[in-house]
Amino acid sequence: MKCLYLSIILGLILYSMNNLFTTWLPKNYIFDPQTLNEISNRVIARHDATSADFSTEKLLRELRDELATHYGEEYINKYNNEDWVFNNAGGAMGQMIILHASISEYVIFFGTAVGTEGHTGVHFADDYFTILHGKEIASLPFALTPEVYEPGMTHHLQKGYAKQYSMPGGSFALELAQGWIPCMLPFGFLDTFSSTLDVYTLYRTTYLTAKDMIKNLIQNKKF
């Protein structure tokens, strides 16, 4: 009987969260995937990836500044090299820096200097992955040919879907996730306990994420 009650309660919670996903949560969004894509493409166009003096860091820093100009400095974190952290999730390993984190959405730079491949995870959020340099290859389980995303292109992973993906070394992207962000966090943390045992990275990721969520909740009234 207890299992029945728990199942009913869990079902009601999931039903409510799914309903709020399309009704209430969008009212809290400040970012728009189309706008992020347009800003990204403007910045990409100013950087020739084939030139000898091309710098991924310069591209990322300039894009961060463009986002801050458009959305406001209060919503976009400073670009500090010491805020980059490793991310192990779904068998893939990369690196990320948090530009914005709240309960309903996050914006990060994500990429890999050496290359990676793994599982996207199944999330209670829509994920928009705009390639800035390099590329991403992805596929659904029934696909016999890969999806290829190059600079300026946005890969939309819909809520509830999962894909295999890979990124060659030197690939970086601007990632926007919108939905129930706390539900995504276990995916980014569990590899610490099952394989890496990198407790310091877990601490840094938790600290930086929580700090920004609390800041946006209190300072910017941003859920």
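The values are calculated or read from the model by the stated rules, or taken from the named source; none is laboratory data. As the structure is a computational prediction, the values presented were derived from the model and not from experiment. When we count neighbours, we look across all protein chains shown, and the Cβ atoms used for this are built from the backbone with ideal geometry, even at glycine.
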* Filtered residues of segment 16-65 (kept if basic (Lys, Arg) and in contact with a Phe, Trp or Tyr (Cβ under 7 Å, 6 or more places away or on another chain)) -> Arg61, Arg64
* Structure fact -> Across segment 101-128, the tally of residues that are over 18 Å from Asp191 (Cα atoms), of a type in the set (S, T, N, Q) and out of contact with any Lys or Arg (no Cβ under 6 Å at 6 or more places or on another chain) stands at 1
* To do: Scan Gly188, Gly121 and give me the residue that is part of a helix (DSSP H, G or I) and surrounded by 14 or more Cβ atoms within 10 Å (Cβ to Cβ).
  => Gly188
* Asked: Among the candidates Thr201, Thr206, which residue alone is in a helix (DSSP H, G or I), under 18 Å from Gln95 (Cα atoms), free of Cβ contacts under 8 Å to residues at least 40 places away in the same chain and of a type in the set (S, T, N, Q)?
  -> Thr206
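Residue check: is Ala92 farther than 30 Å from Gln219 by Cα and in contact with a Phe, Trp or Tyr (Cβ under 8 Å, 6 or more places away or on another chain)?
Working: farther than 30 Å from Gln219 by Cα: yes; in contact with a Phe, Trp or Tyr (Cβ under 8 Å, 6 or more places away or on another chain): yes.
Here the answer is yes, as Ala92 does meet what is asked.
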* To do: Scan segment 62-77 residue by residue and report those that are surrounded by 12 or more Cβ atoms within 10 Å (Cβ to Cβ) and not acidic (Asp, Glu).
  => Leu63, Arg64, Leu67, Ala68, His70, Tyr71, Tyr75, Ile76, Asn77
* To do: Quick one: count up the residues across segment 13-69 that are in contact (Cβ under 8 Å) with a residue 12 or more places away in the chain, of a type in the set (Val, Ile, Thr) and under 19 Å from Asn220 (Cβ atoms).
  => 2
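Residue under question is Thr206, and the condition is that it be farther than 26 Å from Glu38 by Cα and of a type outside the set (A, V, I, L, M, F, W, C); does it hold?
Numbers: farther than 26 Å from Glu38 by Cα: yes; of a type outside the set (A, V, I, L, M, F, W, C): yes.
Yes.
State all residues of segment 137-168 that are polar (S, T, N, Q) and either over 17 Å from the mean Cα position of the chain (by Cα) or more than 21 Å from Ala113 (Cα to Cα) (or both); if no residue qualifies, say none.
Start the filter on segment 137-168 by keeping residues that are polar (S, T, N, Q), which leaves 139, 145, 154, 158, 164, 166.
Matches in segment 137-168: Ser139, Thr145, Gln158.
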* Asked: Could you count how many residues in segment 38-61 are in a helix (DSSP H, G or I) and crowded, with 17+ Cβ neighbours inside 10 Å?
  -> 7
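Conditions tested, residue by residue: (1) in contact with a strand residue (DSSP E or B) (Cβ under 7 Å, 6 or more places away or on another chain); (2) within 21 Å of Val114 (Cβ to Cβ); (3) among the hydrophobic types (A, V, I, L, M, F, W, C).
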{"residue": "Gln34", "(1), (2), (3)": "no, no, no"}
{"residue": "Ile39", "(1), (2), (3)": "no, no, yes"}
{"residue": "Leu59", "(1), (2), (3)": "yes, yes, yes"}
{"residue": "His70", "(1), (2), (3)": "no, no, no"}
{"residue": "Glu73", "(1), (2), (3)": "no, no, no"}
{"residue": "Asn80", "(1), (2), (3)": "no, no, no"}
{"residue": "Asn87", "(1), (2), (3)": "yes, yes, no"}
{"residue": "Leu99", "(1), (2), (3)": "yes, no, yes"}
* Asked: Just to be sure, is Gln178 surrounded by 14 or more Cβ atoms within 10 Å (Cβ to Cβ), of a type in the set (S, T, N, Q) and either free of Cβ contacts under 8 Å to residues at least 60 places away in the same chain or farther than 25 Å from Arg64 by Cα (or both)?
  -> no
* Asked: What are the residues in segment 97-136 that are free of Cβ contacts under 8 Å to residues at least 40 places away in the same chain and touching an Asp or Glu at 6+ places or on another chain (Cβ under 7 Å), if any?
  -> Ile97, Lys135
* Has segment 110-118 got at least one residue that is within 13 Å of the chain's Cα centre (by Cα), closer than 24 Å to Thr192 by Cα and at pLDDT 95 or above? -> yes
